[in-house]
Amino acid sequence: MSPVFDNIDQFVDGFLTSLEIILWALAGALPLGVLIAACRVSPIPPLRAFGTFWVTTFRNTPLTVVLFFCAFGFPELGINRSFFFFGVLGLVLYTSAFVCEAVRSGINSVPAGQAEAARSIGLNFTQGLRYVVLPQALRTVVPPLGSVLIAMMKNSAVVGAFGVGGDLWSTGASLTSAQGYPTFPVYVGGVAVGYLIITLTAGALLQLLERKVAIAR
Amino acid sequence: MQFRRTALVAALSVVALTAAACGDDAEDSAAEPTVAEAPEFEAGTTMAEIAEAGTLRVGTKFDQPGFGLENLEGEVEGFDVEVAKIIAGALGIAPEDIEWVQTPSSVREDVIEGDEVDMVVATYTINDKRKERISFAGPYYEAGQQIMVASDNDEIDGPESLKENPDAKVCSVTGSTPAEQIKQYLASPDQLTLFDEYSQCADSLRNGQVDAVTTDNVILLGFVSESDGAFKLVGEQFTQEPYGIGITKGDVAFCEFINDTLQENEDAYIEAWESTAGEVEGTETPELPEPAPCA
Amino acid sequence: MTSRPNGEPLVRLSGVDKWFGELHVLQDIDLSIDRGEVVVVIGPSGSGKSTLCRAINRLEPIDKGEITIDGARLPDEGKELARLRADVGMVFQSFNLFAHKTVLENVALGPVKVRKKSKAEAEGRARELLERVGVASQADKYPAQLSGGQQQRVAIARALAMEPKVMLFDEPTSALDPEMINEVLDVMVGLAKDGMTMVVVTHEMGFARRAANRVVFMDGGRIVETAEPETFFTSPQSDRAKDFLSKILTH
């Protein structure tokens, strides 16, 4: 374990960078995913088509390809932003498709009569979704959404390979190949533990949330 | 199915023959290093074991142009590969009896310690940290880190100018020695952009995401020669990167055998360079460095 | 209350057709409902009576023809449609109370979000309406804690809170246990007496006799017969109506 304790400051830096990537991606993917889900259940056919196109595109494309497009495609088109921005963007686009489908499954679990009742008192589509359908969908959405978000947290390791650097995964790569530390303790003792701290905390928070929305009925 | 496979082999043979006919003679002769006939080794040494086994397991890169690159026929080629063939020849092992093991930077110590290979020839810079786990024969080449920028860039003319341009981004490969080395020349760690492959750094330099790429001169020269004048090298080599051959820690006899073999085959060494990395415009044929004492 | 200030019926369907795939569920429907009128729609299952009811506030879009409410053509989608729906109350067979909201919140939601009333004003009015339908004491419970009859009366209060011009009832008592049917029907009769314009899909003969101005008998997607309740139940004109009545009256 000494490779970890000797380099604890590097691991802490890597951990914080990974956490930063994850929090930005969370802040982007959640609202975007809900928006796309709203498109997919909307009464307006072009919006539905757009939502379906979005999900089909990003759910069926490997994350590395999405990231590759962001990191190299946008600059080719003359759009130059930081690699951190492109990396988070790629993760957001990719994850939004999965968030959308988790949310949509929750929406579908709410009886159609609830949406009809909402419409019949004059709520428009967005209001019906916001005040009636989504709050009830939340209960069934939390477990699948939790899986999607935890997968996203682990996927953030891939972002490090697209010019971001300094995240947990790259820290491990730097220690093992450039500085010659053995692979096993660095990845298991440092990198894996770092990700576990993030994902286990997220899992615990999700469980709390699940309990909370389950009671509020 | 049988027919189709035969047809494929026939087609490939034609392609190979055509390619051979078109290639120049120097290339062909370099591919045939001398193979010693039944050399004698003291029992118990690594050399005796390898000669007995009749095969040499070599870890090298499969993705490093000029040094170790897998071609479309699935064969590896490059300077590291040729160096390995010289050593294999001295052990009485023909090139076709070498087992090539793809060895990316991050696992080089691991494959030696795990006895998955007999030696690693993979643009492997000798340093003390690595010597804690393995031993190096050589060095067989002195590379040095340099900086590559876009041709129209007048701001950056060496590593020192990175501090003066704190907005400038410099790209290298995750976990590489050059990535560690360049850090001392930076105003802030944010200036360093890391990818898995240098080709991604070159793409980012081309599309303006980064302002410079840094690694060993040889790798950079490959990109410059392919860039049609878009890239240039600036400044001197600011590090000495002696490339060594990684072997099991403490195997002094094998280390000395490798060093002696290289010294005795200087002509083949020069030829190995000229038929591989030396083909890149602007490179100079190296002199075989003095070997470091084995330990 | 049958006055016609502008000479126009409150609800008018003309030449309405609707298909569910191959199935022609509404066939050339013409129907006018005047202000203050109570119309009971009756017919065998699959006759299209529920679809007719749901078409009036466009929960089911129609394929041909025109529906107007208070002289305005039913809009296709969007804000206009939402505004119009606010003026048309709807009571469903399965109540459809918002399961995550209390009884009081159910009734106050529309006035706050659609009519932009203050929360206090909307809740005050909601309590009055709950009083009127006889479930004031349940205001802070969730729908699942109420009996079916109570839930349906809350649903009526929720619709009334929007101060609708017309109320649609889609088989409001079909999902109820028999002993709860009357508590709901009593509320509906009260509404009718107060002059509410109502379209009621139901099999409750008693309600039709007590409250309806007209009975519309549907079969196979068509309006087969329209008559005053007494006339319809005692001497139906069409064979299909006779057949249908003989079946339900023997129960």
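See the values below:
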{"item": "Boolean, B:I93 is open to solvent by less than 20 Å² (accessible area, probe 1.4 Å), assigned to a helix (DSSP H, G or I) and either under 20 Å from A:D167 (Cβ atoms) or assigned by TED's automatic domain parsing to the domain that holds B:D260 (or both)", "result": "no"}
{"item": "Some residue of the range C:64-72 being in contact with a strand residue (DSSP E or B) (Cβ under 6 Å, 6 or more places away or on another chain) and charged (D, E, K, R)", "result": "yes"}
{"item": "Single unsatisfied condition, B:G244 versus (1) surrounded by 15 or more Cβ atoms within 10 Å (Cβ to Cβ); (2) within 14 Å of another protein chain (Cβ to nearest Cβ); (3) of a type outside the set (A, V, I, L, M); (4) over 19 Å from the mean Cα position of the chain (by Cα)", "result": "(4)"}
{"item": "Among the candidates C:V200, C:V154, residue that is away from chain A (no Cβ under 14 Å) and either modelled with pLDDT of 95 or more or farther than 26 Å from C:W19 by Cα (or both)", "result": "C:V200"}
{"item": "Some residue of the range C:114-123 being within 14 Å of chain A (Cβ to nearest Cβ) and open to solvent by less than 30 Å² (accessible area, probe 1.4 Å)", "result": "yes"}
{"item": "The range A:56-93, residues that are touching a helix residue (DSSP H, G or I) at 6+ places or on another chain (Cβ under 6 Å) and over 17 Å from A:A25 (Cα atoms)", "result": "A:F72"}
{"item": "Residues satisfying the stated conditions in the range C:75-95, i.e. over 17 Å from A:F125 (Cβ atoms) and open to solvent by 20 Å² or more (accessible area, probe 1.4 Å)", "result": "C:D87, C:Q93, C:S94, C:F95"}
{"item": "Residue within the range B:218-236 that is within 14 Å of chain A (Cβ to nearest Cβ), within 30 Å of A:W169 (Cβ to Cβ) and touching a residue at least 24 places away in the same chain (Cβ under 8 Å) present", "result": "no"}
{"item": "Scope the range C:164-178; condition in contact (Cβ under 8 Å) with a residue 24 or more places away in the chain and over 12 Å from the mean Cα position of the chain (by Cα); matching residues", "result": "C:S174, C:A175, C:L176, C:D177"}
{"item": "In the range B:137-163, the residues that are among the aliphatic types (A, V, I, L, M) and either open to solvent by less than 10 Å² (accessible area, probe 1.4 Å) or closer than 30 Å to B:G250 by Cβ (or both)", "result": "B:A137, B:A143, B:I147, B:M148, B:V149, B:I156, B:L162"}
{"item": "Some residue of the range A:141-161 being open to solvent by less than 50 Å² (accessible area, probe 1.4 Å), outside any helix (DSSP H, G or I) and under 30 Å from B:S176 (Cα atoms)", "result": "yes"}
{"item": "Number of the exception - B:K169 against (1) of a type in the set (K, R); (2) open to solvent by 60 Å² or more (accessible area, probe 1.4 Å); (3) out of contact with any strand residue (DSSP E or B) (no Cβ under 7 Å at 6 or more places or on another chain)", "result": "(3)"}
{"item": "Scope the range C:231-246; condition of a type in the set (F, W, Y) and out of contact with any strand residue (DSSP E or B) (no Cβ under 6 Å at 6 or more places or on another chain); matching residues", "result": "C:F233, C:F244"}
{"item": "Selection from the range B:31-53 of residues that are out of contact with any helix residue (DSSP H, G or I) (no Cβ under 6 Å at 6 or more places or on another chain) and open to solvent by less than 30 Å² (accessible area, probe 1.4 Å)", "result": "B:A48, B:I50"}
{"item": "Of all residues making up the range C:127-147, the number that are within 14 Å of another protein chain (Cβ to nearest Cβ), open to solvent by 10 Å² or more (accessible area, probe 1.4 Å) and assigned to a helix (DSSP H, G or I)", "result": "2"}
{"item": "C:G15 modelled with pLDDT of 90 or more, loosely packed, with under 14 Cβ neighbours inside 10 Å and in contact with a Gly (Cβ under 6 Å, 6 or more places away or on another chain)", "result": "yes"}
{"item": "Selection count where residues are open to solvent by less than 50 Å² (accessible area, probe 1.4 Å) and modelled with pLDDT under 90, scope the range A:111-140", "result": "0"}
{"item": "Residue list for the range C:73-99, restricted to those being free of Cβ contacts under 8 Å to residues at least 24 places away in the same chain, farther than 16 Å from C:I56 by Cβ and more than 7 Å from chain A (Cβ to nearest Cβ)", "result": "C:G78"}
{"item": "Selection status of B:V107, crowded, with 24+ Cβ neighbours inside 10 Å and either among the acidic types (D, E) or in the same structural domain as B:I258 (by TED's automatic domain parsing) (or both)", "result": "no"}
{"item": "Residue list for the range C:71-100, filter: within 14 Å of C:R12 (Cα to Cα) and either touching a His at 6+ places or on another chain (Cβ under 6 Å) or modelled with pLDDT of 90 or more (or both)", "result": "C:V88"}
{"item": "Residue in the range A:174-184 that is on the phi < 0 side of the Ramachandran plot, within 12 Å of another protein chain (Cβ to nearest Cβ), assigned to a helix (DSSP H, G or I) and touching a residue at least 60 places away in the same chain (Cβ under 8 Å) present", "result": "yes"}
{"item": "Any strands (runs of 3 or more DSSP E) falling wholly within the range C:12-83 and containing at least 2 residues that are of a type in the set (S, T, N, Q)", "result": "C:23-33"}
{"item": "Some residue of the range A:60-83 being farther than 30 Å from B:S204 by Cα, open to solvent by less than 20 Å² (accessible area, probe 1.4 Å) and not hydrophobic (A, V, I, L, M, F, W, C)", "result": "no"}
{"item": "Residue check, B:A179 of a type in the set (A, V, I, L, M), more than 9 Å from chain A (Cβ to nearest Cβ) and open to solvent by less than 50 Å² (accessible area, probe 1.4 Å)", "result": "no"}
{"item": "Condition broken by A:V188, with the remaining ones in (1) more than 27 Å from A:P135 (Cα to Cα); (2) more than 9 Å from chain B (Cβ to nearest Cβ); (3) surrounded by 17 or more Cβ atoms within 10 Å (Cβ to Cβ) satisfied", "result": "(3)"}
{"item": "Where B:S225 falls short, out of the listed (1) under 29 Å from A:V65 (Cα atoms); (2) open to solvent by 10 Å² or more (accessible area, probe 1.4 Å); (3) in a loop (DSSP other than H, G, I, E, B); (4) small (G, A, S)", "result": "(3)"}
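Condition check ((1) in contact with a Pro (Cβ under 9 Å, 6 or more places away or on another chain); (2) more than 17 Å from C:K49 (Cα to Cα)) across all residues:
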{"residue": "C:P178", "(1), (2)": "no, yes"}
{"residue": "C:E183", "(1), (2)": "no, yes"}
{"residue": "C:R209", "(1), (2)": "yes, yes"}
{"residue": "C:N213", "(1), (2)": "yes, yes"}
{"residue": "C:V216", "(1), (2)": "no, no"}
{"residue": "C:G221", "(1), (2)": "no, no"}
{"residue": "C:A241", "(1), (2)": "no, no"}
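The values are calculated or read from the model by the stated rules, or taken from the named source; none is laboratory data. Predicted model only: the values in this text are computed from it and were never measured. Backbone-built Cβ (ideal geometry, glycine too); neighbour counts: all protein chains shown. Accessible surface areas use protein heavy atoms only, side chains included; no ligands, DNA or RNA. Shrake-Rupley method; radii C 1.70, N 1.55, O 1.52, S 1.80 Å.
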